[in-house]
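Following: one structure in structure tokens, then a few remarks.
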Amino acid sequence: MDQLSTTHYDVVVLGTGLVESIAAAALARAGKSVLHVDANKYYGGNWAAFSYDALLQWAKQNEAPMVDGSSDGQQRPLAAHFAQTNQARYTNVRADEYAWPDATEVSASLASASRQYALELAPKLLAANGELVDLLVASDIGKYLEFRLLEAVYLLSDDQLERVPSSKEAVFSSKTLTLVEKRKLMKFLMFAGAYTGDETALDGFAERPYADYLAERFGLAPRLAAAIEHAVTLKPPLQTGVTTHQGITYTRDYLRSFGRFGPSSLLCTVYGGSEIVQAFCRVCAVFGGTYILGYDVVDFELSNDDAEQGVAALSLSNGQRITFDHLVSAVDYLPTAWQHRAIADDGMRVLRMVTVLDGSLAGEEAKTAVINFAPHSSAGNAEPVIALQMDSETHACPAGQRVVYAWTKAGDTAHDALDACMRTLFRTPDSTAAQDGTDVDQRPRALFSLRFEEHIRASRDGHSDSASHDTGASSLPAGVHVCDDPDADLDFGRAVRRARAIFDAITPGAEFLPKAPPVDDDDL
Amino acid sequence: MTSNTASYDNLVKLLLVGDSGVGKSCLLLRFTDDSFTPSFITTVGIDFKVRTIDLDGRRIKLQIWDTAGQERFRTITTSYYRNAMGILIVYDVTDKRSFDNIPTWIRQVEEHASQSVDKLLVGNKCDVDTGRAVTYEEGLQLAAEYSMPFMETSAKSSRGVEESFYTLAKMVKKRVIDPEEARAAEAAKKNGVDLHGSNGNSQAGCC
């Protein structure tokens, strides 16, 4: 293995997830010497996007995490150790290639087009007015990236996918709304768009359910109220029990995002969110950061394992001992002894599924879409289910196909609920059996799916979401900063906030990712 | 330098790849700034550089991206290769290992860049009198195996540097820009109105 010529760094960053990568870029930009390590040979960690073959390989490794000393050299000693505890990130990983009559053909076409897929572990969209977009614009890092506007937002209503109007224009031109409904809806949208956060404007509804407010105060029918609550919103998709104050704030933010870049509140990243990770890593490298992938941490030196002194060195799998002033680490790299001190106890567990389809959703040509299944939708799910559809324009899959990501809270009924929701979108060999031949099934076929449960491990520091991060509340050694896993939200806001808090803790008062000096460009 | 916003006709994205220390940044700085720094410095701070050149009367703006040092441990991001139109694959004629690694770099390019991307093999540091480890013929033969052109350069003496970038730019122009232009010309012909031409089918119009 190659050797590093420098063995002391201001900051060592472990893991190339988004939080780590934003922090690494910001720290290098601010003049810190940064060593950025990932045990995997790819960028992104738990935020990665994979080709088809690479996703299968990932699934295989995570189906049965090996303990130590595996022969293929892929398994990471620390992560394997980690996987044995209840803090493991991934459990119940299952990949299925569906057996259709033309099964060998399907399988061959998936494999031969492997590189045309960018299948994500933690798919997300960007709110057009969100913190990540603001950061990409302010820092100029957006120049490395390509985005597409999200085309459509749907809500499952009475077994039908209903396209939710998200702008005033769309409300006016809607054919499914009556004139009276349009008028009520417009009145509400105007009100929500102007909401200042002053709860007295909510007529005592602030802490009461949002749906009640929409019905009682604006006279919206349950169907419309549900559309507002679940589909005209930047609400974390798995959140339930939304109060009026929360709900109207989420709706307002959604409306305000609309129009910044075009007729949509949400943006899709071409090639997936792992591109965003790589853009920040590039910036870190341009400002002198050193990158090594496929090297693991085999030992931390805990000079004195208390909050006063902590670690100051680690050993890499190439045998080198690296010293540092600060350690920024993804959860997976932490020594087991630190887990409970580092990670909040109430991390959400999520069931995720990614499915490759052989065509567009029945009767719907939208290439990119969000599909909401509100609790107790006609599919029968008790908890919210959210789905995200991508296609070849975002390079998620070859032309003609679609990729659907779906997730919901893990639990006893989660698999059944998820399957029921997905049956409304596409068919599998099992769910096609009911066909009697007279009525042709319009739903696209699922060619492949992967499902897994994940544990969203958030650092204790960042968890309170207060301004006073990294005050030692985590009782980790000083100078150790833990990066959160990707969460179940649609947007990247929390990752940006966490990275920024880590940056502020390490370099108080420094400017967070200012624009780079301009390239000597002859057309500026 | 001109300061109007449309100072070029086409933008072409080029990349440099190859082992650490073969002189990629030196080639880039020689071509864009006509400068050379002899001491070995690893790449810090170079994202990309631009230079606008004239090819057959067209102003082609070359945007040339450097590896930002991420080649040292083979950690170039896959996104680095996106939308690249031409790639200079560079080795050091005094460093046999950098030459032996060229097939690995070509595999990287094939895996992550678009299939049609134009490639040029470059053997740098050809100014050396002693210590040459790879002959011109060996370079030529390897390039032939992968059906790409080959050139030797010296970022230090500037020999071959202009020619390399121009060669690659011409390849991209021929593959990408010329056909586009031909299509545009064809389309313009179809919808164009020639006031002086005699059009046989001139019955259309107002009855």
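Could you state the angle between the C-alpha long axis of helix A:103-112 and the longest principal axis of the C-alpha atoms of chain A, as a value from 0 to 90 degrees rounded to the nearest 10?
Approximately 50 degrees, to the nearest 10.
In whole percent, and with a 1.4 Å probe on the protein chains, what portion of the accessible area of segment B:10-198 is carbon and sulfur? Walk me through the intermediate numbers first.
Details: 4400 of 8890 Å².
Using a 1.4 Å probe with all protein chains present, segment B:10-198 comes out at 50 percent carbon and sulfur.
Would you mind getting me the FRET efficiency between A:Ala510 and A:Gln57? Use the beta-carbon distance for r and R0 = 56 Å, nearest 0.05. Intermediate values should be presented prior to the final figure.
Details: r = 40 Å, r/R0 = 0.71.
Between A:Ala510 and A:Gln57 the formula returns 0.90.
How much length is gained on full extension from A:Asp412 to A:His8, taking 0.36 nm per residue of separation minus their Cα-Cα distance?
Working: separation 404, 0.36 × 404 = 145.44 nm, distance 4.86 nm.
Length gained, A:Asp412 through A:His8: 140.6 nm.
Nearest 100 Å² is fine: how much accessible area is buried between B and A, summed over both sides, with a 1.4 Å probe? Working shown, then result.
Details: alone 11960 and 21990 Å², together 31400 Å².
The B and A chains share an interface burying roughly 2600 Å².
Using r as the Cβ-Cβ distance of B:Asp56 and B:Ser7, and R0 as 22 Å, what FRET efficiency do you calculate, to the nearest 0.05? Display every interim value, and only then the final one.
Details: r = 17 Å, r/R0 = 0.78.
Efficiency at R0 = 22 Å is approximately 0.80.
Any idea how far apart B:Gln115 and A:Val180 come out in nm if each label point goes 7 Å out from Cα toward Cβ?
Label at B:Gln115, label at A:Val180, 6.0 nm between them.
Let's see if you can work this out: charge +1 on each Lys and Arg Cβ, -1 on each Asp and Glu Cβ, no other charges. What is the dipole magnitude of segment B:10-198 about its Cα centre, in debye to the nearest 20? Walk me through the intermediate numbers first.
On the way: 26 positive and 27 negative charges, 95 e Å.
Here segment B:10-198 has a charge dipole of around 460 debye.
Can you give the accessible area per residue of chain B, in Å², using a 1.4 Å probe?
Working: 10700 Å² over 207 residues.
Accessible surface, normalised per residue, equals 52 Å².
With contacts defined as alpha carbon pairs under 8 Å and 6 or more residues apart, what's the relative contact order of chain A in percent? Provide the component values of the computation, followed by the final result.
Working: 1075 pairs, mean separation 131.5, N = 524.
Contact order relative to length: 25 percent.
When Lys and Arg each count +1 and Asp and Glu each count -1, what net charge do the other residues less than 10 Å away from B:Gly86, Cβ to Cβ, add up to? Please list the in-between numbers first.
Details: positive: B:Lys13, B:Lys119, B:Lys170, B:Lys173, B:Arg175; negative: B:Asp118.
Summing Lys and Arg as +1 and Asp and Glu as -1 gives +4.
Could you state how much accessible area B:Ser147 has, in square angstrom rounded to the nearest 10, with a 1.4 Å probe and all protein chains kept in place?
Around 110 Å² of this residue is reachable by solvent.
Identify all lysines with a Cα-Cα distance to B:Lys125 below 17 Å; exclude those on the same chain that are fewer than 8 residues away in sequence.
Reachable lysines: B:Lys24, B:Lys96, B:Lys156.
Zone of A:Phe191 (label point 7 Å along Cα→Cβ, backbone N under 20 Å): which residues in segment A:215-239?
In segment A:215-239, the label zone of A:Phe191 (backbone N under 20 Å from the point 7 Å along Cα→Cβ) covers A:215-235.
Using 0.36 nm per residue of separation minus the Cα-Cα distance, give me the extension gain between A:Asp345 and A:Ala215 in nm, one decimal.
Numbers: separation 130, 0.36 × 130 = 46.80 nm, distance 3.68 nm.
Contour length minus the Cα-Cα distance gives 43.1 nm.
Angle check, please: helix A:222-231 long axis (alpha carbons) against the longest principal axis of chain A (alpha carbons), in degrees 0 to 90, nearest 10.
20 degrees
Once fully extended, how much extra length lies between A:Thr432 and A:Leu149, figured as 0.36 nm per residue of separation less the alpha-carbon to alpha-carbon distance?
On the way: separation 283, 0.36 × 283 = 101.88 nm, distance 3.31 nm.
Gain on stretching A:Thr432 to A:Leu149: 98.6 nm.
Output the pairs from A:Lys124/A:Lys168; A:Lys168/A:Lys367; A:Lys143/B:Lys61; A:Lys41/A:Lys367; A:Lys143/A:Lys367; B:Lys49/B:Lys189 with a Cα-Cα distance over 28 Å in this structure; if there are none, say none. Let's see the in-between values first.
Values: A:Lys124/A:Lys168 25 Å; A:Lys168/A:Lys367 22 Å; A:Lys143/B:Lys61 17 Å; A:Lys41/A:Lys367 31 Å; A:Lys143/A:Lys367 24 Å; B:Lys49/B:Lys189 37 Å.
With Cα atoms farther than 28 Å apart: A:Lys41/A:Lys367; B:Lys49/B:Lys189.
What nm distance separates the two modelled labels at A:Val298 and B:Phe36, each placed 7 Å from Cα along Cα→Cβ?
4.3 nm
Cα-based Rg of segment B:10-198 per 2.2 N^0.38 Å, rounded to two decimals?
Details: Rg = 18.3 Å, N = 189, 2.2 N^0.38 = 16.1 Å.
Normalised by 2.2 N^0.38 Å, the Cα Rg of segment B:10-198 equals 1.14.
Leaving out ligands, DNA and RNA, what percent of the accessible area of chain A is carbon and sulfur, probe 1.4 Å? Before the final figure, lay out each step's value.
Details: 10260 of 20700 Å².
Here carbon and sulfur together make up 50 percent of the probe-accessible area.
Angle check, please: helix A:414-423 long axis (alpha carbons) against the longest principal axis of chain A (alpha carbons), in degrees 0 to 90, nearest 10.
The helix A:414-423 is inclined about 50 degrees to chain A.
The values are calculated or read from the model by the stated rules, or taken from the named source; none is laboratory data. All figures in this text were calculated on a predicted structure; none of them were measured in a lab. When we count neighbours, we look across all protein chains shown, and the Cβ atoms used for this are built from the backbone with ideal geometry, even at glycine. The accessibility values were calculated without ligands, DNA or RNA, using every heavy atom of the protein model including side chains. Shrake-Rupley method; radii C 1.70, N 1.55, O 1.52, S 1.80 Å.
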